[in-house]
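The values are calculated or read from the model by the stated rules, or taken from the named source; none is laboratory data. As the structure is a computational prediction, the values presented were derived from the model and not from experiment. So basically every Cβ, Gly included, is an ideal-geometry build from the backbone, and we count neighbours across all protein chains shown. Quick note on the areas: whole protein, heavy atoms, side chains included, nothing else; ligands and nucleic acids left out. Shrake-Rupley method; radii C 1.70, N 1.55, O 1.52, S 1.80 Å.
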Amino acid sequence: MPAIARVEPLTTARALRGPFDYRLPPALAETPVGGLLAVPFAGRELLAVVVERATSSEVPAERLAEPHHAVEPAIPAELVELARWIAAEYCSTVSRALQLVLPPGAGRAVRPRVRARSVLVAEITGGGRAALGARDGASADDAPSGASSAGPRVRLTEGQRALLERLAAAGPLPAAATGMEHGGLRRLAGRDLIVLEAREQRRQPLVHAVGARAAHAPPLTDEQRAALVPILDTLAGAADAGSGDSAARRFLLHGVTGSGKTEVYLQAAAAALAAGDSVLVLVPEIALAPQTVARFQARFGDTVAVLHSQLGQGERYDEWLRLQRGEARIAVGPRSAVFAPLSRLGLVIVDEEHESAYKHEGDPRYDARRVAARRAQQTGAVLVMGSATPRPESVHALQRIRITQRVDGRPLPPVEVLDMRDARHPLHPTTREALGDVRRAGRKAIVLVNRRGWSNFLSCRACGNVWKCPQCDVALVLHQRDGTLACHHCGHGERIPATCTACGSSSVARHGAGTERIETELLEALGDPEFPVLRLDADTARGGKGAVARVLERFDAAGAGVLVGTQMVAKGHDFPDVTLGVVLDADQTLRFPDFRAEERTFALVAQLAGRAGRGGEGSGRVLVQTLSPDAPSIAAAARHDADGFLTGELERRRALSYPPFASLIRVTCSAEQATDATAAAQAVRERISAAGATVLGPAPLFRLRGRERSQLVVKATQRRAAVASVAAAVDAVARTSAGRRVQLSADVDPQ
Ligand SMILES: [Zn+2]
Ligand SMILES: [Zn+2]
């Protein structure tokens, strides 16, 4: 029987749909599912993944082509299955989904660009030890008769003897560290006194450890202990239960900020490891969660592998390999770490599950939270998602475990809502006063501004002209320090105008305040060497590898000061001595036409409130400046009323058929001409036919990067059928002659 591999060639072409059959020659006959092969395809050589094995094909065996060679390492079969699921779930192709699960650096090249790094290592042999021993103790002359088999006396130079002694004492050394020339080492190896061989050397990533705590487990609060019980019980039962009811193994750890969720994760992970299982830990962004990563490393040491994009490719490859070989059994990383090659997965943790960073914006547009849940289900692992501000979707779908108190027993700080409707200055008088108090007391404050740059937009006072991006129909944002107006969508930049380009007037108004302007205001009002003002936003992050971590470290190390920035300042890190938190323009998120606007606004205020008044003596204080003081999300956040907010939000979503009561799929058509984009959207709409699916649109979207856009939104109660119907409609329209002028993309669960 011929050995046949069904393979998916790795290509980005949507039209090409595998799998394709290849006959495996004897040398490759054992290639498993997940094996990578270089195959001849349409006159080229492509990298392909084995997705199935077979013993027969519709094509006669003698007419099947053979792969050229195998490419190491292979992908675990479980990840091949996961990729096929992603392709179907997110309107993509198997080929594109498989590219997510490849080893780092594999790209689509048939020759791997990244390999394990090896160094030449010298190690002493038994013969080498005997040669040393021959002089020190029993030389051949002293040996009792009959022991002449000890062999001839070994002659060594001073240098050779010194090296052998060093190797005997210190163990194997890299050849470069021996201080001996290659020729000399080879001569010793030729006499069997040492072995000289290439061995793998791991490239170890450097992780910034902001405020890492001790390695030992602290005592738990009663609530933490109670939270662990169902998780540990389920972990213990998971082995017996096999792949039973997966809903019973999915938990939402809903704990206020500072309630010690990470310690619950750590103890659950310890239990999974003790049972011989591996653990997957997802965090929204490594740079913003250095403490979580550091705590896992402090507790579990080298069995933790960190996977993220800021690692060099070699480092990432080595971490991947350690997981694949089982040398590391805890994988920690952002959304792409959901594809870590772990076997015997027992526990999946998704920290800060409300963060939209879990959604991938390239094709396939997967949501790592959903993929994590699928992986857990596939392997029978226990799933724990955690947040202080969980999504209504998770509250609806998972078993909720509450932690209502902070570890330190302190109450959440009081929140004051400041009405900005009559304000003339971006900082309310109460805010200015409170910041002055913090400075006088030598404490710290965090100020959240939901917009980077200097001001929101510029307009002409004479004719009303607003400066817009020539590529995208959005207002340009003023960046005073660079002297530019910048587009936050496409990166377009131009000089700040002195006069209006439309009417020539020199009266130009600046509206709104971004991080840069607030930073300047604060520097002028408060800043001095004793009270630094630090800024953290996407512009900081562009400062290169580690720029965000450096700002966080400086703020952590400073005795007092202000951290001003975008939403980044309200994320994972935990600064114990912050006594004041301020949110400026809290309702900015509410002005987006998005069903998640309320959820986002609540999360923003609640997350920042959670950063204040932790640990330091004296109570914390939170100020929320807003133009909509009565908005339900802001009022609920000010009362710390997560349950009330979630109940109301779920009712609203049910009434409007939004997730979790329906799935959303967004189809975007972009083209040079608006008419082409709209026509394509209309054509897709006409082809969507799935029970329980309502299609809204086509509706125009703002022009982006010079392309006109039109979109459809599908609300579906039967998710699988709707996704399949949308995928078929998009593919069909893409193949029409009009469709070739249009770029189509389908986004399931858009954020
Ligand atoms: Zn003008
Ligand atoms: Zn633009």
If every Lys and Arg gets +1 and every Asp and Glu gets -1 at its Cβ, then about the Cα centre the stretch 605-751 yields a dipole, in debye to the nearest 20, of 360 debye
Among 222-231, 714-723, how do they line up from the highest to the lowest mean number of other beta-carbon atoms within 10 Å?
-> 714-723, 222-231
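Scale the Cα Rg of the chain by the rule-of-thumb value 2.2 N^0.38 Å and send over the ratio, two decimals. Working shown, then result.
Values: Rg = 30.7 Å, N = 751, 2.2 N^0.38 = 27.2 Å.
Cα Rg divided by the expected 2.2 N^0.38 Å: 1.13.
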Carbon and sulfur atoms: what percent of the 1.4 Å accessible area of the chain do they account for?
-> 50 percent
Starting at 0 and stepping by 5 Å, how many percent of the alpha carbon pairs of the stretch 1-103 end up in each bin?
-> 2, 14, 26, 25, 19, 10, 3, 0
Listed residues Thr515, Cys503, Leu485: farthest to the positive end of the dipole of the stretch 470-593 (Cβ charges) = Cys503
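Pairs of alpha-carbon atoms within less than 8 angstrom and 6+ residues apart define the contacts here; what relative contact order does the chain have, in percent?
Working: 1514 pairs, mean separation 80.2, N = 751.
Answer for the chain is 11 percent.
For the chain, what is the mean residue ellipticity at 222 nm derived from helices alone (per DSSP H run of n ≥ 4: -39500 (n - 2.57); sum divided by total residues; nearest 500 deg cm²/dmol)?
Details: 20 runs with 233 residues, N = 751.
My calculation for the chain gives -9500 deg cm²/dmol from helical runs alone.
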Could you calculate the contour length gain from Ala248 to Ala298, that is, 0.36 nm times the residue separation minus the distance between their Cα atoms, to one decimal place in nm?
-> 14.9 nm
Full-extension gain in nm, Ala441 to Arg129, via 0.36 nm per residue minus C-alpha separation | 105.6 nm
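Return the FRET efficiency for the residue pair Ala198, Glu327: r is the Cβ-Cβ distance, R0 is 22 Å, and the value is rounded to the nearest 0.05.
0.75
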Output ³J(HN,Hα) for the stretch 15-29: one whole-Hz value per residue in order, computed from phi by the Karplus curve 6.51 cos²θ - 1.76 cosθ + 1.60 with θ = phi - 60°, and x for Gly and Pro.
-> 6, 7, 10, x, x, 10, 8, 10, 8, 8, x, x, 5, 10, 4
Taking Cα atoms, the helix 515-525 axis meets the longest principal axis of the chain at an angle in degrees (rounded to 10) of 80 degrees
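For the peptides 174-181, 280-287, what is the packing order when you average, over each peptide's residues, the other Cβ atoms within 10 Å and list the highest mean first? It would help to have the intermediate numbers written out before the result.
Details: 174-181: 14.6, 280-287: 25.0.
In decreasing order of mean packing, 174-181, 280-287 become 280-287, 174-181.
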Two pseudo-spin positions, 7 Å from Cα along C-beta at Arg344 and at Arg720, lie apart in nanometres by 3.2 nm
For the chain, longest principal axis from Cα atoms; helix 719-735 axis from its Cα atoms; angle between them, nearest 10 degrees, is 90 degrees
About its Cα centre, how strong a charge dipole does the chain have in debye, to the nearest 20, once Lys and Arg get +1 and Asp and Glu get -1 at the Cβ?
-> 1220 debye
Ratio for the stretch 279-407, C-alpha Rg to 2.2 N^0.38 Å, reads 1.03
Whole-Å distance, taken between Cα centres, linking the stretch 293-348 and the stretch 672-730 | 38 Å
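At 1.4 Å probe size, put Thr515, Thr520 in order of accessible surface, largest to smallest.
Values: Thr515 0, Thr520 35 Å².
Descending accessible area places them as Thr520, Thr515.
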Taking the chain as the reference, fit the longest principal axis to its C-alpha atoms, fit the long axis of helix 290-300 to the helix C-alpha atoms, and give the angle between the two in degrees, 0 to 90, nearest 10.
-> 30 degrees
How far apart, in nm, are the 7 Å Cα→Cβ label points at Ala27 and Ala423?
-> 7.1 nm
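Within the chain, how many Lys pairs that are eight or more residues apart, or on different chains, come under 20 Å at the alpha-carbon? Could the numbers behind the result be given before it?
Values: Lys261/Lys571; Lys359/Lys571; Lys359/Lys715; Lys444/Lys571; Lys545/Lys571.
Final tally of qualifying lysine pairs is 5.
For the pair Glu672 and Gln480, what calculated FRET efficiency results from E = 1/(1 + (r/R0)^6), where r is the Cβ-Cβ distance and R0 = 25 Å, to the nearest 0.05? Before the final figure, lay out the partial values.
Values: r = 34 Å, r/R0 = 1.38.
With R0 = 25 Å, the Cβ-Cβ based efficiency is 0.15.
How big is the charge dipole of the stretch 1-119 about its Cα centre, in debye rounded to the nearest 20, if each Lys and Arg gets +1 on its Cβ and each Asp and Glu gets -1 on its Cβ?
Around 500 debye, computed over the stretch 1-119.
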Kindly rank 267-277, 251-261 from highest to lowest mean number of other beta carbons found within 10 Å of each residue.
-> 251-261, 267-277
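Would you mind getting the accessible area per residue of the chain, heavy atoms of the protein chains only, 1.4 Å probe, in Å²?
Details: 32480 Å² over 751 residues.
The answer is 43 Å² per residue.
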For the chain, any Cys whose C-beta has no other cysteine C-beta under 4.7 angstrom counts as unpaired, and these are Cys91, Cys490, Cys669
Cβ-based charge dipole, the stretch 587-686, positive-most Cα from Ala606, Leu590, Cys669 | Ala606
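Thr694 to Ala357: extension gain in nm, 0.36 nm per residue of separation minus the Cα-Cα distance?
Numbers: separation 337, 0.36 × 337 = 121.32 nm, distance 2.75 nm.
Here the answer is 118.6 nm.
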Estimated inter-spin distance, Gln378 and Ala176, nm [label 7 Å along Cα→Cβ] = 3.9 nm
